[in-house]
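Trainee: Handing you this structure, nothing more for now.
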Number of protein chains: 2
Amino acid sequence: MQAFSSPTELQAYADVIVRVGVNLQTGQRLLVRADLQTVDLVRAVTRSAYRAGARFVDVVWNDEQLGLVRLQEASRDSLEQVAAWQPQLTAAHLAAGDPLVSIYAATPTLFAGQDPEAVSTTLRAAARASKPASDLVQRNAAPWVVVSYPTPGWAAAVLPAAPEASQLSRLWHAIAATCRLDQPDPVAAWQQHVQALEARAAYMNERRYAALHFSGPGTDLTVGLVADHLWAGGGAVSEGGIPFVPNLPTEEIFTLPHHGRADGFMRSSRPLNYGGELIDDFTIHFSQGRVSDLSAARGEATLRRLIETDPGAARLGEVALVAASSPVGRTGLLFANTLFDENAASHLALGNGYRACVRDGNSRDDEQFAALGGNLSVVHVDFMLGCATMDVDGIYADDSSEAVMRGGEWVF
Amino acid sequence: MQAFSSPTELQAYADVIVRVGVNLQTGQRLLVRADLQTVDLVRAVTRSAYRAGARFVDVVWNDEQLGLVRLQEASRDSLEQVAAWQPQLTAAHLAAGDPLVSIYAATPTLFAGQDPEAVSTTLRAAARASKPASDLVQRNAAPWVVVSYPTPGWAAAVLPAAPEASQLSRLWHAIAATCRLDQPDPVAAWQQHVQALEARAAYMNERRYAALHFSGPGTDLTVGLVADHLWAGGGAVSEGGIPFVPNLPTEEIFTLPHHGRADGFMRSSRPLNYGGELIDDFTIHFSQGRVSDLSAARGEATLRRLIETDPGAARLGEVALVAASSPVGRTGLLFANTLFDENAASHLALGNGYRACVRDGNSRDDEQFAALGGNLSVVHVDFMLGCATMDVDGIYADDSSEAVMRGGEWVF
């Protein structure tokens, strides 16, 4: 592996992850989940965490290549097997209030050429096994953050035309810019940026829109919001009262759509990488909240399998607004990685909704959350529709409306 | 990482590990424990295991560098923290009768320069936490095997005078030779070799010696054996009835010394790598089974800390005989890795004894095992005394004796 990041840059990134991302407190245990290929960042995060007073840093490693070996060699009737200890360990860790760093750096086309039915079986089984852990994440039971780091397979997918020798360093430069590592004091820059996003969420919370309307090329979609929805963005606060920033980078504010009130159609503005397969140039029609039709130039079968995961996978769990001019959008890159692409453009998510996006949501059980209009599913998959020609309007309960975004940019 | 092993050799090694080492049965789950640096072997073992019918291959990865980061950065009062889930997971896996592959490839001098007290604290805490898993291993609750694979740090320690570019491939050649991968049918060669070791163990079992006497340069030591001791070697049989080969390579036969009957002194014939520190050129005196004095040209403080781990760490748990002309000895290399060095020379172990080495041992609890003369400890650390000038005699209960080895070689 080439040394594409300088030790100084790497440690600055690790410090932002530890001090801003999970806001690690002295005496906490830190859990890191990461692919083997991100070892340099894991070691830097470990160093940063001990310097910040971590009592212990525990790492659960993954090797994405083993997933490929399995699909190539394992008996078809064994594909529902999972490593159940991984989500159990994560859940126990979060339930104790200790922070989680997830480094997500999947090779976007890893499973291209594998039997999609087999891929889908393994993903569905993993999602089911992960539910106790994902529920705790979505409740913000403890501080958590998702970050990324260049790997050869991912960098090649983002920068296919660049010389192979420069792909990793160019992707790293893009990540460093979107993560504000080029600022004189990255930790301070993040604190300021998070405040700005929180101010925007506060504005939207005052409006009390009943729905949002998206219009743009190939898109004419109304998304109803639950009655007591809360806009979130920038930082969050864990159940134990610790402020943290769950995604680095983050440029979005987001809230909870009503699972039964999406009508119209939308066209994707960016491809979606789902479990090693790319879904691109797709249109989804919604009727009364549910996907009623879809088509995709690439990966249509994968998209269909995704929405068939369970009943909630065909309904919306998140609506998020991002200015088209965000630092991520400005890189001009297609990252094929939701963490970045969702921060380049306004987006929706199929699947489970965030309890933190409805008043008193964290104290509701599944049934109560669903009764409020919150969506339940084992999956939560973001997909992008925002672009520089997208308009968004806020619609009040009396059907009057006002502009929220014009040409992909905020009007306030 | 250079590609120092050809895919064919690597797959042959993986097949020996899966088919001879743990003798994987269709439908079993396989657990692999390995350092990140051995990823090529882990992937080959995974492929081989699925081809042999594994239902699922689960891997618990370790990064030895994180241990170093911790010693450099973590607060001194946090060093007793452990990743308790690792031994818990291993224990649950073994208790279900499913096989375990451990790939051991530590950099011998990783912790050189670190505070030995701190190193010892982390090792002791890890050993304590691992006891439930090590107990199941020592009882052969399920098939298990320890194997190794070249890493840059290890290869540099074994072949310090070789050009850096050739260290990995030279170490790999030595491993391939000692693991019989150069035979036309390595799996068949292993089956034959294991039978030969088992025949030697059967011969020793018929003799019913009360003790062994070792004499050689710097060594004059009598080691008492427990009354119903059993010599083992080559293969073992799991509690579920599956034959397996717990070490690759293996050239030893071994049994259970009496924890109270070692008297005399021994001088090491090879260095001992303990938790990242090298202990070399040492002499240990025993009196009534217990270490009564010791000195070492290097690592004396580490050796003292080892025997102070718990009361059993200062007594013997294993005595093993290996011909000085074994394939491992013939490489002429000092591996600084017990898996190899213990198969180059006769040796003893400080710490816990193997229940399988006394009649009905697996059905005894700790108290009963100790009453038979078996030693109890959280550690089990082999150290070598055998060499080409070592004589070993078997001593009967009536004090008569006969030759077992002369000049490091078997007399039968």
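The values are calculated or read from the model by the stated rules, or taken from the named source; none is laboratory data. On a predicted model such as this, the values are computed, not experimentally measured, just so you know. Note: ideal-geometry Cβ built from the backbone for every residue, glycine included; neighbour counts use all protein chains shown. These accessible areas exclude ligands, DNA and RNA; they are computed on the full protein's heavy atoms, side chains included. Shrake-Rupley method; radii C 1.70, N 1.55, O 1.52, S 1.80 Å.
Trainee: Out of the residues in the range A:84-103 meeting the condition of being open to solvent by 20 Å² or more (accessible area, probe 1.4 Å) and among the polar types (S, T, N, Q), tell me which one is farthest from residue B:98 (Cα to Cα).
Mentor: A:102
Trainee: Can you tell me how many residues in the range B:266-276 are surrounded by 21 or more Cβ atoms within 10 Å (Cβ to Cβ) and within 11 Å of residue B:384 (Cβ to Cβ)?
Mentor: Here the count works out to 6.
Trainee: Looking at the range B:220-250 only, could you name the residues that are assigned to a strand (DSSP E or B), open to solvent by 10 Å² or more (accessible area, probe 1.4 Å) and not hydrophobic (A, V, I, L, M, F, W, C)?
Mentor: Let us first name the residues in the range B:220-250 that are assigned to a strand (DSSP E or B), namely B:220-225, B:229, B:232-233, B:235-237, B:243-244, B:247.
Then drop every residue that is not open to solvent by 10 Å² or more (accessible area, probe 1.4 Å), which leaves B:220, B:222, B:232, B:235-237, B:243, B:247.
Within the range B:220-250, B:220, B:222, B:235, B:243, B:247 qualify.
Trainee: Go through (1) of a type in the set (A, V, I, L, M); (2) open to solvent by 10 Å² or more (accessible area, probe 1.4 Å); (3) modelled with pLDDT of 95 or more; (4) in contact with a Pro (Cβ under 8 Å, 6 or more places away or on another chain) for residue A:334 and report which single condition fails.
Mentor: (3)
Trainee: Hey, can you tell me all the residues within the range A:38-54 that are at the interface with chain B (Cβ under 8 Å from one of its Cβ atoms) and assigned to a loop (DSSP other than H, G, I, E, B)?
Mentor: Initial filter on the range A:38-54 (at the interface with chain B (Cβ under 8 Å from one of its Cβ atoms)): A:39, A:42-43, A:46-47, A:50-51, A:53-54.
Across the range A:38-54, the qualifying residues are A:53, A:54.
Trainee: Could you look through the range A:84-105, keep only residues that are among the small types (Gly, Ala, Ser) and within 25 Å of residue A:21 (Cβ to Cβ), and pick out the one that is modelled with the lowest pLDDT? Even if it seems obvious, please write down each step before you answer.
Mentor: Taking the range A:84-105 and keeping what is among the small types (Gly, Ala, Ser), we get A:84, A:91-92, A:95-97, A:102, A:105.
Applying the additional criterion that residues be within 25 Å of residue A:21 (Cβ to Cβ) yields A:91-92, A:95-97, A:102, A:105.
Working: A:91: 98, A:92: 98, A:95: 98, A:96: 98, A:97: 98, A:102: 98, A:105: 92.
Checking each candidate, the answer is A:105.
For every residue, the table says whether it meets (1) over 23 Å from residue A:36 (Cα atoms); (2) within 13 Å of chain A (Cβ to nearest Cβ).
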| site | (1), (2) |
| --- | --- |
| B:56 | no, yes |
| B:61 | no, yes |
| B:65 | no, yes |
| B:73 | no, yes |
| B:88 | no, yes |
| B:92 | yes, yes |
| B:96 | yes, yes |
| B:120 | yes, no |
| B:123 | yes, no |
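Trainee: Still on this structure, please answer the following. Looking at (1) open to solvent by 10 Å² or more (accessible area, probe 1.4 Å); (2) farther than 30 Å from residue A:175 by Cβ, which one does residue A:118 not meet, given that it meets all the others?
Mentor: Condition not satisfied by residue A:118: (1).
Trainee: Scan the range B:182-198 and report the pairs whose first residue is outside the structural domain of residue B:14 (by TED's automatic domain parsing) and among the acidic types (Asp, Glu) and whose second residue is open to solvent by less than 60 Å² (accessible area, probe 1.4 Å) and part of a loop (DSSP other than H, G, I, E, B), with Cβ atoms within less than 7 Å and a gap of 6+ or a chain change.
Mentor: B:198/B:234
Trainee: Right, residue B:183: open to solvent by 10 Å² or more (accessible area, probe 1.4 Å) and under 22 Å from the mean Cα position of the chain (by Cα) or not? Spell out how you get there, then give the answer.
Mentor: Numbers: open to solvent by 10 Å² or more (accessible area, probe 1.4 Å): yes; under 22 Å from the mean Cα position of the chain (by Cα): no.
Answer is no for this residue.
Trainee: Do you know which residues across the range B:19-38 are under 18 Å from residue B:238 (Cα atoms) and free of Cβ contacts under 8 Å to residues at least 40 places away in the same chain? Show your work before the answer.
Mentor: Taking the range B:19-38 and keeping what is under 18 Å from residue B:238 (Cα atoms), we get B:19-32.
Passing the criteria: B:26, B:27.
Trainee: May I ask you to say which residue of A:391, A:341 is in contact (Cβ under 8 Å) with a residue 60 or more places away in the chain, in contact with a Phe, Trp or Tyr (Cβ under 8 Å, 6 or more places away or on another chain), over 23 Å from residue A:238 (Cα atoms) and open to solvent by 30 Å² or more (accessible area, probe 1.4 Å)? Let's see the steps before the verdict.
Mentor: Working: A:341 fails: open to solvent by 30 Å² or more (accessible area, probe 1.4 Å).
On inspection, the qualifying residue turns out to be A:391.
Trainee: Can you go through A:284, A:279 and tell me which one is at pLDDT below 95 and crowded, with 17+ Cβ neighbours inside 10 Å? Let's see the steps before the verdict.
Mentor: On the way: A:284 fails: at pLDDT below 95.
The unique qualifying residue is A:279.
Trainee: Let me ask something additional. Please specify each residue of the range B:31-83 satisfying the condition of being open to solvent by less than 10 Å² (accessible area, probe 1.4 Å) and among the polar types (S, T, N, Q).
Mentor: B:38, B:46, B:48, B:78
Trainee: Any residue in the range A:280-300 that is more than 23 Å from residue A:257 (Cβ to Cβ), among the aliphatic types (A, V, I, L, M) and not in a strand (DSSP E or B)?
Mentor: No - not one qualifying residue is present in the range A:280-300.
Trainee: May I pose another question? Could you grab me the full set of residues in the range B:19-37 that are within 11 Å of chain A (Cβ to nearest Cβ), in contact with a strand residue (DSSP E or B) (Cβ under 9 Å, 6 or more places away or on another chain) and β-branched (Val, Ile, Thr)?
Mentor: Scanning the range B:19-37 gives a single hit, B:32.
Trainee: Which residues, taken from the range B:158-175, are touching a residue at least 12 places away in the same chain (Cβ under 8 Å) and either touching a helix residue (DSSP H, G or I) at 6+ places or on another chain (Cβ under 6 Å) or open to solvent by 40 Å² or more (accessible area, probe 1.4 Å) (or both)? So that I can check it myself, show each step before the final result.
Mentor: From the range B:158-175, those touching a residue at least 12 places away in the same chain (Cβ under 8 Å) are B:158-159, B:165, B:167-172, B:174-175; that's our starting set.
Matches in the range B:158-175: B:158, B:159, B:165, B:167, B:168, B:170, B:171.
Trainee: All but one of (1) in contact (Cβ under 8 Å) with a residue 12 or more places away in the chain; (2) open to solvent by 10 Å² or more (accessible area, probe 1.4 Å); (3) not assigned by TED's automatic domain parsing to the domain that holds residue B:305 hold for residue B:201; which doesn't?
Mentor: Evaluating residue B:201 over (1) in contact (Cβ under 8 Å) with a residue 12 or more places away in the chain; (2) open to solvent by 10 Å² or more (accessible area, probe 1.4 Å); (3) not assigned by TED's automatic domain parsing to the domain that holds residue B:305 leaves (2) as the failure.
Trainee: Among what's in the range A:386-412 and is assigned to a loop (DSSP other than H, G, I, E, B) and hydroxyl-bearing (Ser, Thr, Tyr), pick the residue that is nearest to residue A:224 (Cα to Cα). It would help to see each step written out before you state the result.
Mentor: Step one: list which residues in the range A:386-412 are assigned to a loop (DSSP other than H, G, I, E, B), which gives A:386-390, A:396-400, A:407-408, A:411-412.
After this cut, where a residue has to be hydroxyl-bearing (Ser, Thr, Tyr) as well, the list is A:389, A:396, A:400.
Details: A:389: 22, A:396: 10, A:400: 14 Å.
Only one residue fits best here, namely A:396.
Trainee: Is it the case that the range B:82-90 has a residue that's aromatic (Phe, Trp, Tyr) and without any contact (Cβ under 8 Å) to a residue 24 or more places away in the chain? Break it down stepwise before answering.
Mentor: First, pick out the residues of the range B:82-90 that are aromatic (Phe, Trp, Tyr): B:85.
Now restrict to residues that are without any contact (Cβ under 8 Å) to a residue 24 or more places away in the chain: B:85.
Checked against the condition, which is being aromatic (Phe, Trp, Tyr) and without any contact (Cβ under 8 Å) to a residue 24 or more places away in the chain, the range B:82-90 yields at least one hit.
Trainee: So which residues in the range A:331-376 are of a type in the set (S, T, N, Q) and within 15 Å of the chain's Cα centre (by Cα), if there are any at all? Quick ask: steps written out before the conclusion?
Mentor: Within the range A:331-376, the subset of a type in the set (S, T, N, Q) is A:331, A:337-338, A:343, A:346, A:352, A:362-363, A:368, A:375.
Matches in the range A:331-376: A:337, A:338, A:343, A:346, A:352.
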